[in-house]
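The values are calculated or read from the model by the stated rules, or taken from the named source; none is laboratory data. None of these values were measured; they are calculated from a predicted model. All Cβ positions, even for glycine, are placed from backbone atoms using ideal geometry, and neighbour counts span all protein chains on display. Ligands, DNA and RNA are stripped out before the accessible areas are found, and what is left, the full protein with its side chains, is counted by its heavy atoms. Shrake-Rupley method; radii C 1.70, N 1.55, O 1.52, S 1.80 Å.
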Amino acid sequence: MKKSKLITCLSAAFVSAIALMSCSSLIKARKHIVLTIDGVEYTIIVTDTTEEQHGLKVYRKGVPAIEGTDDDYEWLDSGEYHELQLHKSGLTVTGNGEDESIFIDCDMYSPINLTLDNATVTGKCHYGGGDPSIVRCYGNSNEKDSYQGEDQYLIYGDTLLLDEVVNSCGLKEDLIKVFGETQSAKILTISYFWLLCEKNLNRLESESKVQSFPCSEGMNPAAITRLSQSITKEQIDRFMELRKQRYEQNGKWFGIDSTSLTSYSSSLSDSHWGKNKEHDLQRQQNLMVMYDMNSELPAHYRNLPGNIPDARTLRLLMEELKSVNFKDFGLILDRAYLTKENLDLLVPNGIKGIFMAKTSDKHIKAEILKASSLEGNIRKTGQFLVEYDCYAKECEYPYSYKSNDDKGRGTEVPQRLCLFFDPELQGAEDKVLTKEVLDCIVSLDTYIKNQVSVEESILKKMRKYINIEVDEDNVITSYSINQEKIDERRSRCGYFAIVCCNLPEKEYDISWVMSAYCKRDLQEKAFTYLKSWQNGRRLRTSTELSTEGRKFFQFVTLIINCQLHHLYAKTNDEFKRHIVTPWQALDEMRSVRLVKLKNRKPKFSEFVGKQVDIFDAFGFEIPKGCAPVTRSRSKSRAKDLH
């Protein structure tokens, strides 16, 4: 064989070896390649020598090639210059990848086998057009990321959709930065399982045999417990810090609310008897969640004892927000948080706040009385908000701040009171009030007739509008309707009020205040997701560490859940007519399979029908090779959906 032919053949083999390392992201300093030509094995040590790109290209394909079908091959960059050291029978020949420095006696179509860290390409060496920088490998490939286990056809479509949802809000990236790839995959696996299977975590290991999850290895209950107990407060704070940076780019209004989680353990420090919103006769723990009103995603959470009222939780939350660098933000809170203590936290520090207020507040009752009078009637003195179909009026809410050095009542700093009146709501509340009084009367007559003892909690509820007399055994002897209380409550029917602090009227008009508070509806829906879809209504843990970890997993799951609903809400009405809920979107995607065949890269099955529409409507890219070959029908329908 001519010398030039020998040079060209081996040079092509080396280029193929370099390309294999570069394209598989395997190239590192002093990597070893095993190269076999004509049954003779060589060892090549590859070392980076320069960052300059030499621009060589390599054909590489994992299926048998067909002559004359170059379009079936994929161009791949071969990487950087490398120093090559070839060892054969104790003889060392070194070079820099140039053809004039390397010689091997072999035929042009000699069989080639390249191996690097269990990644192999088998085929024949070939060069064409006299260009030794082009190599075409004929035969099968066995690459590093190929599957080596038993053949599997796993349910994957809904997991793939959740993967895209997670990536769209940066959640996976933030988890990896804090917990690393392996632990992050396990956390996401638990979240996906709650969302897709709605079962107890004890079923996760068996479900992993038919469903694909981010963590490929099955997680048994012991592994889940160890993962829960490994989550630290420092990691959670770092995660919150990363999430905070994303929310600052969107907006700085946050909604705060809390909910109760039933606990089966009586030994946990936060498990106490409290006001359970689901009326479970168990101890409970409370969970406070702060939501970004712009992105509609949870931004922060705090664990609370089950017996603490909402009004007492804001002070420590403010300290926690400062510790993770939350600043220059506004808060939207419900009526339970409107207290003098909480106003003292916000007003002097210049923090913006929007509180729903109780109409039974004495200052608000006085304004309602004025708004119902002939002279100050809200229909005449206020404005009508067409978008919300109600009347609105600006008033003042008295507030005074007293510092440590002040004497007397302190400094008067009146805040805004936005008063609203809805005539339709007035009629509905009036009916509810009348029915409530009539139901109490029927119950009282029954108790008197049967002469049975009545529990104190029931008496307290019925005494709201009725005067009740009982004997020493709590048996009702007589009752009378308190018409004054009924009339006072009826006068407030249809009214609701919002107190604003540090919100100038010129910058934030009353219509903006109403729209901002209406976004709190997202929080109530999110708690519904947590307690139903996420299987988070009851805590099935008995140790402090496991409980903290499970709550963090629920918080991560809630972020995914809210992002899924947020993306669904952005689709248009035509799409929602076919896909009614986000749950239906996940169900439609479920039939897409992840196909794992031995020595082959995992592949996805084809997208059909509504599956194509879902990815188009959500703005996600369909994996390569999964889209229909002819998409005329899908494209026309996608055009309608957008």
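Across segment 323-341, the qualifying residues are those that are in contact with a strand residue (DSSP E or B) (Cβ under 7 Å, 6 or more places away or on another chain) and among the aromatic types (Phe, Trp, Tyr), and the one among them that is least open to solvent (accessible area, probe 1.4 Å) is Tyr337. Are any residues in segment 300-354 assigned to a helix (DSSP H, G or I) and of a type in the set (A, V, I, L, M, F, W, C), and if so, which ones? Selection gives Ala311, Leu314, Leu316, Leu317, Met318, Leu321, Ala336, Leu343, Leu345, Leu346. Of the helices (runs of 4 or more DSSP H) lying entirely inside segment 514-595, the ones with 3 or more residues being closer than 30 Å to Met356 by Cα, touching a strand residue (DSSP E or B) at 6+ places or on another chain (Cβ under 9 Å) and open to solvent by 20 Å² or more (accessible area, probe 1.4 Å) are found at 521-531. For residues that are within 43 Å of the chain's Cα centre (by Cα), assigned to a helix (DSSP H, G or I) and surrounded by 14 or more Cβ atoms within 10 Å (Cβ to Cβ), tally how many sit in segment 418-457. Residues that pass the stated criteria total 6. Scanning segment 572-613 for residues that are farther than 28 Å from Leu201 by Cα and in contact with a Leu (Cβ under 7 Å, 6 or more places away or on another chain) returns Asn572, Glu574, Phe575, Asp613. Consider segment 226-242 and keep the residues that are of a type in the set (S, T, N, Q) and out of contact with any Ser or Thr (no Cβ under 7 Å at 6 or more places or on another chain). The one that is surrounded by the most Cβ atoms within 10 Å (Cβ to Cβ) is Gln235. Determine whether segment 490-510 contains at least one residue that is open to solvent by less than 30 Å² (accessible area, probe 1.4 Å) and part of a helix (DSSP H, G or I). Yes, some residue in segment 490-510 is open to solvent by less than 30 Å² (accessible area, probe 1.4 Å) and part of a helix (DSSP H, G or I).
In segment 471-487, of all residues being without any contact (Cβ under 8 Å) to a residue 40 or more places away in the chain and in a helix (DSSP H, G or I), the one that is nearest to Asp430 (Cα to Cα) corresponds to Asp487.
What about Asn250, is it among the polar types (S, T, N, Q), modelled with pLDDT under 80 and within 26 Å of Tyr568 (Cβ to Cβ)? Criteria met by Asn250.
On the stretch given as segment 534-569, residues that are closer than 17 Å to Leu196 by Cα and under 11 Å from the mean Cα position of the chain (by Cα) total 13. Among the criteria (1) surrounded by fewer than 17 Cβ atoms within 10 Å (Cβ to Cβ); (2) out of contact with any strand residue (DSSP E or B) (no Cβ under 7 Å at 6 or more places or on another chain), the one Lys277 does not fulfil is (2). Among the residues examined, Asp310 qualifies as at pLDDT below 90 and in contact with a Leu (Cβ under 9 Å, 6 or more places away or on another chain). From Lys352, Lys365, grab the single residue that is among the basic types (Lys, Arg), touching a residue at least 40 places away in the same chain (Cβ under 8 Å) and closer than 25 Å to Phe326 by Cα. None of the others qualify; the one that does is Lys352. In the set Val454, Val499, Val470, Val475, only one residue is β-branched (Val, Ile, Thr) and within 26 Å of Asp334 (Cα to Cα); that residue is Val499.
Residues of segment 184-193 include at least one that is more than 24 Å from Phe618 (Cα to Cα) and either open to solvent by 10 Å² or more (accessible area, probe 1.4 Å) or free of Cβ contacts under 8 Å to residues at least 12 places away in the same chain (or both).
The set of residues in segment 596-616 that are open to solvent by 20 Å² or more (accessible area, probe 1.4 Å) and aliphatic (A, V, I, L, M) comprises Leu597, Val608. The residues in segment 504-543 that are farther than 23 Å from Ser265 by Cα and touching a Gly at 6+ places or on another chain (Cβ under 8 Å) can be counted, and the count is 4.
Looking only at residues of segment 208-225 that are surrounded by fewer than 17 Cβ atoms within 10 Å (Cβ to Cβ) and assigned to a helix (DSSP H, G or I), we find that the one that is farthest from the chain's Cα centre (by Cα) is Ala222.
For segment 388-403, the criterion of being closer than 23 Å to Asp292 by Cα, loosely packed, with under 15 Cβ neighbours inside 10 Å and modelled with pLDDT of 90 or more is met by at least one residue. Scanning segment 361-382 for residues that are assigned to a loop (DSSP other than H, G, I, E, B) and either in contact with an Asp or Glu (Cβ under 9 Å, 6 or more places away or on another chain) or within 14 Å of Phe420 (Cα to Cα) (or both) gives Gly376, Asn377, Gly382. Hey, does segment 253-266 have a residue that's at pLDDT below 85, surrounded by 13 or more Cβ atoms within 10 Å (Cβ to Cβ) and part of a loop (DSSP other than H, G, I, E, B)? Within segment 253-266 (the criterion being at pLDDT below 85, surrounded by 13 or more Cβ atoms within 10 Å (Cβ to Cβ) and part of a loop (DSSP other than H, G, I, E, B)), the answer is yes, since at least one residue qualifies.
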